[in-house]
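This report concerns only the one structure given below.
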Amino acid sequence: MQSHLLAFLFITLTAAAQAQSKVLTVADFETGDVSLLSMQKAQSDSIIVVTSPVRAGKFAAKTLLRASDPEVSRGQRAEFSDGKKITPVEMEMDYWYGLSIFVPEEFTAPTKSDAVLFQWHTQVGGPSPVLAIRVRAGEWTITTNATEKKRTLARLPLVKERWVDWVVHVRWSAEKKGFWTIWKDGVEVVKETDIITQYPEALGPYAKFGQYHSVSEVPQNVVYFDEYRVAGSEGNFEAVSPPAKNAEKK
């Protein structure tokens with residue numbers, strides 16, 4: 001019995017190590033700081049580490065946007081940026097992304113626009129983002145602007161006060177050789193193949209997450225983020241998915 005248990009533990013730990021080896025970047029905030037990724041923020045407390053709510057482990061990131069915040073890079077932002085110096089992204093290659101987002105009950109999305117919470121931004125050219133996960137009114141909205149015409153890929157109900165796990169598998173291509181598949185809480189919600197997913201640039205787009213929207217209808221908005229991971233072509237769903245859930249809110 002003991003030998004079977006040891007064998008099971010060895011296989012489990014080996015699988016976990018192999019999955020981790022495929023990961024290019026991890027920002028799970030378990031160091032207790034937010035120093036791994038670049039940030040765009042207006043105030044010192046626009047992005048901080050908190051102990052509740054957390055998706056896994058002991059820490060998560062809190063983003064705060066106030067109506068009084070000045071613009072940063074032509075918009076109100078409290079965003080992390082995974083630029084090319086952190087995670088170089090090549091064209092015509094597969095990438096996996098994972099991120100958990102917690103929208104609290106008091107969050108109020110703009111009614112005349114939307115709040116961008118997870119996006120992929122071009123390095124140089126064209127309108128951005130080429131792919132974005134947004135919140136508007138009572139919906140998650142997934143959009144693309146990789147070609148001249150912006151398209152909506154999915155509209156999904158927004159349920160607040162819980163962590164939502166996103167996984168994105170994509171090939172960045174300026175020709176109709178790209179694809180993306182997006183899962184929300186393990187359920188496939190978008191799947192497109194043989195499409196343009198990026199402008200004709202030397203590198204693929206870089207990922208950003210946090211809050212990017214105008215705050216005018218309420219004094220402030222808060223959103224929490226945790227368990228950001230990126231894997232390359234050797235990655236898979238499990239490599240970027242967050243570990244087993246902690247309690248929904250402590």
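Things worth noting here:
- Failed criterion for D69 (all others in (1) surrounded by fewer than 16 Cβ atoms within 10 Å (Cβ to Cβ); (2) part of a loop (DSSP other than H, G, I, E, B); (3) at pLDDT below 95 hold): (1)
Quick grid of which residues meet (1) modelled with pLDDT of 95 or more; (2) out of contact with any strand residue (DSSP E or B) (no Cβ under 6 Å at 6 or more places or on another chain); (3) surrounded by fewer than 20 Cβ atoms within 10 Å (Cβ to Cβ); (4) part of a loop (DSSP other than H, G, I, E, B):
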| site | (1), (2), (3), (4) |
| --- | --- |
| H4 | no, yes, yes, no |
| A16 | no, yes, yes, no |
| L99 | yes, no, no, no |
| A109 | no, no, no, yes |
| F118 | yes, no, no, no |
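- Which listed residue is outside any strand (DSSP E or B) and small (G, A, S), from A56, A132, A78: A56
- Selection count where residues are surrounded by 13 or more Cβ atoms within 10 Å (Cβ to Cβ), assigned to a strand (DSSP E or B) and on the phi > 0 side of the Ramachandran plot, scope region 148-206: 0
- Taken over region 234-250, the criterion of being surrounded by fewer than 18 Cβ atoms within 10 Å (Cβ to Cβ) and either touching a helix residue (DSSP H, G or I) at 6+ places or on another chain (Cβ under 9 Å) or at pLDDT 95 or above (or both) is satisfied by E234, N236, F237, E238.
- In region 23-70, the residues that are among the aliphatic types (A, V, I, L, M) and in contact with a Lys or Arg (Cβ under 6 Å, 6 or more places away or on another chain): V23, V26, I47, I48, V50
- Any hit, region 179-191, residues being hydroxyl-bearing (S, T, Y) and over 20 Å from the mean Cα position of the chain (by Cα): no
- Single unsatisfied condition, T143 versus (1) without any contact (Cβ under 8 Å) to a residue 12 or more places away in the chain; (2) touching a strand residue (DSSP E or B) at 6+ places or on another chain (Cβ under 9 Å): (1)
The values are calculated or read from the model by the stated rules, or taken from the named source; none is laboratory data. Owing to the predicted nature of the structure, the values given are computational and were not obtained by experimental measurement. With ideal geometry, Cβ positions are generated from the backbone for all residues, glycine too; neighbour counts draw on all protein chains shown.
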